[in-house]
Ligand code: 4AD
Ligand code: MG
């Protein structure tokens with residue numbers, strides 16, 4: 001008797017062998033055909049029951065959602081589209097699923113909306129769509145580690161609780177053990193954080209970059225891959241309050257090297273899933289095509305999912321300076337026809353996602369790396385250019401996603417960095433340790449941050465970032481609305 005996963009059964013060379021498998025019933029048809037899935041693959045294995053030789057009471061318990069242990073013989077299938085099936089000799093019910101209760105959940109095999117699935121995040125991974133998305137997410141995270149391991153990087157665990165604001169944007173979740181109803185106060189009536197758990201104000205990290213920089217100054221090439229938190233009031237299909245970020249940081253590497261690294265890395269991880277997740281991708285591609293059918297013709301994507309992924313592999317990312325991009329945007333049709341919500345009038349404007357998407361999807365029609373942004377719209381740690389007004393920043397923009405990577409060459413000069421920190425009003429005692437790295441063997445160095453969920457969105461074609469992370473944590477200040485939903489019909493999930 002061979003104990004297998006469903007995926008292993010499909011690759012089993014020997015037929016007519018005794019096998020056993022455990023999984024969940026997807027459906028049970030005609031008192032005879034169990035479609036069984038155990039999560040190892042998208043495909044269900046058909047288990048054929050001889051109902052005449054089975055007790056009625058047992059047959060009744062084979063219901064959608066139930067966990068079962070099946071023993072039988074693996075045989076070539078008579079059914080169309082199945083290569084093997086199991087001729088069942090015994091069924092043991094491991095966990096019942098009451099059909100009455102199942103009918104109220106998303107386990108019921110019929111068309112559900114993605115919004116409805118979000119309400120049952122604990123069950124949605126049992127659907128084909130979420131099974132495929134989460135297997136892809138897992139494969140992508142393995143590919144991330146694989147890439148860095150193969151390229152001599154050290155994996156560094158950045159702290160989750162920090163005392164600094166790495167992006168200087170003030171979008172942090174506070175961590176405290178003080179009693180919110182009765183906090184200790186200073187003489188001037190403010191909350192006295194010296195009495196707090198860590199003796200000072202602390203928050204959940206928005207980025208592991210600053211700590212990673214200190215490690216790059218010793219280990220050379222490092223990367224972080226961990227959860228990061230942002231209290232942004234952004235209620236969009238691309239923002240989460242808790243998301244995972246990958247942040248490589250490399251000593252002696254300049255911005256060109258940083259661009260090369262980011263491009264090579266993105267191509268590697270996308271190539272990895274194209275090679276290793278063929279079935280899940282094919283399913284997601286089909287799902288996406290179905291969804292696209294419900295959109296107006298001019299909103300439909302020109303490329304299929306795998307075409308889009310291959311397109312990224314086969315083409316160089318277009319490298320464009322911020323100044324060039326502003327010229328393109330200023331002279332663009334939507335700008336002239338006042339179609340942009342935020343018109344581009346002058347150099348220095350911050351780019352909104354409508355601009356980024358125009359550049360990627362309409363103008364260049366390929367991934368774009370924008371670099372050399374105005375200093376005053378970027379973070380304090382970026383290397384100031386000789387012009388005194390731009391910094392060595394880079395953002396990578398992807399079709400359908402917009403910004404997927406943000407990075408820069410870092411300001412390695414102590415005096416320049418110190419002046420900048422003072423200028424933007426960060427208290428020096430918050431970043432003294434960061435400044436110190438510029439005192440002891442400072443050097444040119446660079447890094448970037450990749451939003452992992454945006455990568456998973458790109459690779460799965462899922463429109464909403466809430467559908468690529470197991471339990472999405474998002475801003476709920478105002479009800480979520482997106483024009484996308486106008487086109488969202490019920491899809492087979
Ligand atoms: O551009 P960001 O803010 O850059 C940094 O945090 C740098 N410290 C990275 C570095 O240089 N080491 O964020 C990096 C990426 C973005 O490009 C985006 O993909 C993702 O993180 N991101 C988010 N993803 C989901 N939800 C959010 N709220 C996100 N904010 C940023
Ligand atoms: Mg950014």
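Coordinate-derived values only; no laboratory data. Only a predicted model underlies this, so the values are computations on that prediction, with no experimental measurement involved. Cβ atoms come from the backbone with ideal geometry, glycine included; neighbour counts cover every protein chain shown.
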Inset, instruction - Out of all DSSP beta bridges with both ends in the chain, state the antiparallel percent to the nearest 5. - result: 85
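How much FRET efficiency would the formula 1/(1 + (r/R0)^6) give for residue 473 and residue 256, where r is the Cβ-Cβ distance and R0 is 56 Å, rounded to 0.05? Before the final figure, lay out the partial values.
On the way: r = 36 Å, r/R0 = 0.65.
For R0 = 56 Å, the calculated efficiency reads 0.95.
Taking the DSSP beta bridges in segment 313-448 as the whole, what percent of them are antiparallel, to the nearest 5?
Working: 17 of 21 bridges.
Just about 80 percent of them are antiparallel.
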Inset, instruction - Using only alpha carbon pairs under 8 Å that are at least six residues apart, calculate the relative contact order of the chain and give it in whole percent. - result: 15
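Can you tell me how segment 413-464 classifies by the Cα gyration tensor, rounded, prolate or oblate, using a/c under 1.5 as the rounded cut? Intermediate values should be presented prior to the final figure.
Values: a/c = 3.95, a/b = 2.40, b/c = 1.65.
Prolate is the answer for segment 413-464, as a/c is 1.5 or above and a/b outweighs b/c.
Given axes a ≥ b ≥ c from the Cα gyration tensor, I'd like to know whether segment 231-348 is rounded (a/c under 1.5), prolate (a/b larger than b/c) or oblate. It would help to have the intermediate numbers written out before the result.
Values: a/c = 1.64, a/b = 1.10, b/c = 1.49.
Note, shape of segment 231-348 comes out oblate.
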Legend entry - Burial order of peptide ranges 379-386, 458-465, 302-309 (average beta-carbon count within 10 Å, highest first): 458-465, 379-386, 302-309
Legend entry - Cα centroid separation, segment 143-182 to segment 352-397 (Å): 24
Legend entry - Distance (nanometres) between label positions extended 7 Å along Cα→Cβ at residue 100 and residue 121: 3.1
Inset, instruction - Provide the gained length on full extension for the span residue 426 to residue 363, in nm with one decimal, where the gain is 0.36 nm per separating residue minus the Cα-Cα distance. - result: 18.8 nm
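Going from the alpha-carbon gyration tensor of segment 46-197, what semi-axes, largest first and in whole Å, does one get by taking the root of 5 times each eigenvalue? Spell out each step's value before the answer.
Working: eigenvalues 541, 128, 44 Å².
Those come to 52, 25, 15 Å.
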Inset, instruction - Using only Cα atoms, find the angle between the long axis of helix 128-150 and the longest principal axis of the chain, and express it within 0 to 90 degrees, rounded to the nearest 10. - result: 50
Inset, instruction - Give me the angle, in degrees from 0 to 90, between the Cα long axis of helix 278-293 and the longest principal axis of the Cα atoms of the chain, rounded to the nearest 10. - result: 80
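Rounded, prolate or oblate: pick one for the chain, where a ≥ b ≥ c are the square roots of the eigenvalues of its C-alpha gyration tensor, a/c under 1.5 means rounded, and failing that, prolate if a/b is larger than b/c, else oblate. Write out the running numbers ahead of the final one.
Values: a/c = 2.07, a/b = 1.76, b/c = 1.17.
Cα axes put the chain in the prolate bin.
What FRET efficiency do you get for residue 113 and residue 197 if R0 is 60 Å and r is their Cβ-Cβ distance, rounded to the nearest 0.05? Each step should come with its number before you reach the end.
Values: r = 43 Å, r/R0 = 0.71.
With R0 = 60 Å, the Cβ-Cβ based efficiency is 0.90.
Once fully extended, how much extra length lies between residue 11 and residue 32, figured as 0.36 nm per residue of separation less the alpha-carbon to alpha-carbon distance? Don't skip to the answer; put the middle values down first.
Values: separation 21, 0.36 × 21 = 7.56 nm, distance 2.39 nm.
So the chain would gain 5.2 nm between residue 11 and residue 32.
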Legend entry - Computed lengthening from residue 231 to residue 75, 0.36 nm per intervening residue step minus Cα-Cα distance: 50.7 nm
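I'd like the FRET efficiency for residue 347 and residue 264, computed as 1/(1 + (r/R0)^6) with the beta carbon distance as r and R0 of 30 Å, rounded to 0.05. List each step's numbers first, then the result.
Numbers: r = 31 Å, r/R0 = 1.04.
Step by step, r from the Cβ atoms, then E = 0.45.
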Legend entry - Angle in degrees between helix 255-276 and the longest Cα principal axis of the chain, rounded to the nearest 10: 0
Inset, instruction - Pop a pseudo-label 7 angstrom from the Cα along the beta-carbon direction at both residue 50 and residue 169 and give the gap in nm to one decimal. - result: 6.4
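Do the sum for the chain: with -39,500 (n - 2.57) for every DSSP H run of n ≥ 4, divided by all residues, what is the mean residue ellipticity at 222 nm, to the nearest 500 deg cm²/dmol?
On the way: 15 runs with 149 residues, N = 493.
For the chain, the value works out to -9000 deg cm²/dmol.
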